[in-house]
Amino acid sequence: MVGYVTLIFMMLSTASFFLAPATYSKLFCVWEMVTFVVTAVFFLCHKIQRNGLICFDTFFIPTFFLINYAHAVFIYPDDQFLPAFLFATNIDLIPYALAVAQMGISFYMVGNVFFEREVTDYHPLEVEIPEMAVNRMAWVAFAASAGVFGYVILFHLASGFEHLFPRLMAMIVALIALSWFFQAQHVAEGDANLIGLLHHNKLNIASLLLFSMAQFLVGSRGVVLWLLFMILLIVNTYYFKIRWKLLLPAVLLGMVLMVFLGITRLSSEYNLSSGDLMEGITYGIDFVMKSPSVLWMLLSDFVVNAKTLYEGIDYTRVNGFLYGTAYVQYLFVFLPMGGSFFTKLLTGLNMEEVSTGVILTNYSEATYGLGTNLVGDLYMNFSFVGVVVMMFLLGMFISWVEFPKSKYQMYAYLAIFADCIFLVRADIFVWLTFFVFFVIFDWIMRIHINYAHIISNQRSS
């Protein structure tokens with residue numbers, strides 16, 4: 001049933017793309033939204049029934065809706081309360097941009113549904129990992145987390161609130177998540193519950209808390225969300241199934257806290273260095289309640305990315321396409337500074353010159369970074385053809401890794417699950433960094449274990 005629904009949706013979306021009006025039409029945007037929502041209900045019911053509540057699409061599909069549909073249907077033209085829309089936007093492009101996004105998600109759904117694996121009698125992936133590797137990975141992750149926390153407390157607070165070395169923070173996120181994954185491989189049947197989770201992950205929980213507190217103190221939210229989503233997937237897979245009654249309150253509370261954290265980080269009147277967390281929450285509540293639309297202010301981190309979709313399409317009409325130069329960095333993500341070096345070597349351009357977020361910020365003459373948009377980024381690189389092909393391949397990829405049969409497929413699913421919300425407002429390869437770190441750390445630990453065994457055997461002989 002869901003296969004036929006997604007095929008019909010794909011055909012309707014393709015027709016809408018070619019029939020999109022040349023000027024803003026509320027009716028057209030509502031039509032696009034309704035067809036998407038109806039199909040998304042069928043699609044999500046199928047995915048949740050098949051995968052359980054905690055799966056990639058549970059978070060990806062609603063986020064895609066907020067980022068690409070909310071502004072066009074519910075907010076425009078009264079959007080001046082959103083900071084990103086204080087800059088000029090080509091409003092006539094909204095229907096076409098929405099049609100591009102809808103065609104992309106329709107091909108994603110088709111690729112996802114029609115290339116699903118058979119999952120009869122599926123059991124969570126089990127990897128043989130020596131207990132020594134589990135313990136040492138936990139201590140390495142704890143040391144890295146404690147080091148970040150200590151650096152923030154001793155040095156960074158005095159120098160100002162800025163994000164901490166993003167690539168290094170991503171490495172530590174991968175370390176902590178890999179430690180949780182290693183520990184999960186030793187869960188006995190009787191310990192697959194909350195008590196077992198707390199008992200066997202004391203050091204991992206300490207690492208999570210130290211690292212998260214350090215990030216919150218410098219106003220960084222993204223890396224904490226990445227880590228929490230990875231741990232959520234591991235807990236749901238190996239310890240106990242997460243239910244709606246746990247997920248919904250956690251999502252709502254997390255969303256509000258993250259918004260307040262963003263407000264305090266950007267505020268010139270208040271930040272976490274001059275007060276405690278409760279004062280920050282109070283400040284955030286007052287700030288949000290003054291907005292003409294409280295709901296959209298709470299969701300502003302999502303809805304403002306509609307502008308990057310409009311601007312991305314508008315940019316190509318003036319300056320042409322990037323032809324994949326924005327993605328060269330991911331071919332060399334396994335090398336330190338490899339992305340910057342080879343981007344310059346192969347394209348003659350610096351990373352900033354091919355980054356769609358930087359390009360759109362300069363193109364819009366915005367006073368702060370606008371970021372990017374999954375569909376807009378693909379369109380800027382490869383036009384609507386790239387949107388269709390790459391979104392179809394993304395759907396195939398998700399259907400391939402959501403029931404992993406090897407540790408590398410599990411690493412890939414952990415990496416992209418971490419970006420289940422962020423991916424829609426980033427680029428399609430953003431998850432590759434985590435995957436490469438997982439593989440590198442896994443290899444290092446296994447080389448270390450093998451070397452330790454060799455030394456042990458030599459001593460015993």
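Laboratory data are not the source of any read-out in this text; all were calculated from the coordinates shown. Quantities reported herein were computed from a predicted structural model and do not represent experimental measurements. Ideal geometry is used to build each Cβ from the backbone, glycine not excepted, and the neighbour counts take in all protein chains shown.
Here are some notes:
- Volume in Å³ per residue [convex hull over Cα atoms, computed for the chain]: 166 Å³
- Dipole axis of the chain (+1 Lys, Arg; -1 Asp, Glu on Cβ), positive-most option in 99, 395, 206: 206
- You can think of it this way: the chain between residue 246 and residue 316 has 20.8 nm of extra reach, that is 0.36 nm per residue less the Cα-Cα gap.
- Residues 171, 230, 10, 132, sorted so that the one with the fewest Cβ neighbours within 10 Å comes first: 132, 171, 10, 230
- For region 338-393: rounded, prolate or oblate by the Cα gyration tensor [a/c cutoff 1.5]: oblate
- Multiplying the residue separation of residue 455 and residue 88 by 0.36 nm and removing their Cα-Cα distance gives an extension gain of 125.5 nm.
- Helical runs (DSSP H, four residues minimum) scored at -39500 (n - 2.57) apiece and divided by the length of the chain put the mean residue ellipticity at 222 nm at -22000 deg cm²/dmol.
- Listed by chain and number, the lysines whose alpha-carbon sits under 23 Å from that of residue 407, ignoring those within fewer than 8 places in the same chain, are 47, 241.
- Distance-filtered residues of region 30-74 - backbone nitrogen under 12 Å, label point 7 angstrom along residue 19 Cα→Cβ: 31-32
- Low-density loop cleavage sites - GluC sites (Glu not before Pro) in region 326-422, where at most 10 other Cβ are within 10 Å (DSSP): 365
- Selection from 356, 335, 370 lying farthest towards where the dipole of region 323-419 points positive, charges on Cβ: 335
- Dipole size of region 1-143 about its Cα centre, with +1 on Lys/Arg Cβ and -1 on Asp/Glu Cβ: approximately 220 debye, rounded to the nearest 20.
- Check: region 372-461 dipole with +1 on Lys, Arg Cβ and -1 on Asp, Glu Cβ, in debye: 400 debye
- Potential extension, residue 168-residue 80 segment - 0.36 nm per residue separation minus Cα distance: 28.0 nm
- Taking other C-beta atoms within 10 angstrom as a stand-in for reagent exposure, 443, 31, 180 fall in the order 443, 31, 180, fewest first.
- Exposure rule at most 16 other beta-carbon atoms within 10 Å, DSSP loop trypsin sites (Lys or Arg not before Pro): the chain longest free segment: 118-240
- From least to most packed, judged by other beta carbons within 10 angstrom and beginning with the fewest, 13, 106, 25, 406 follow the order 406, 25, 13, 106.
- Each Lys and Arg contributes +1 and each Asp and Glu -1, all at the Cβ; summed about the Cα centre of the chain, the dipole is approximately 660 debye.
- Dipole of the chain, positive end: most advanced residue of 39, 144, 192 [Cβ charges, Cα centre]: 192
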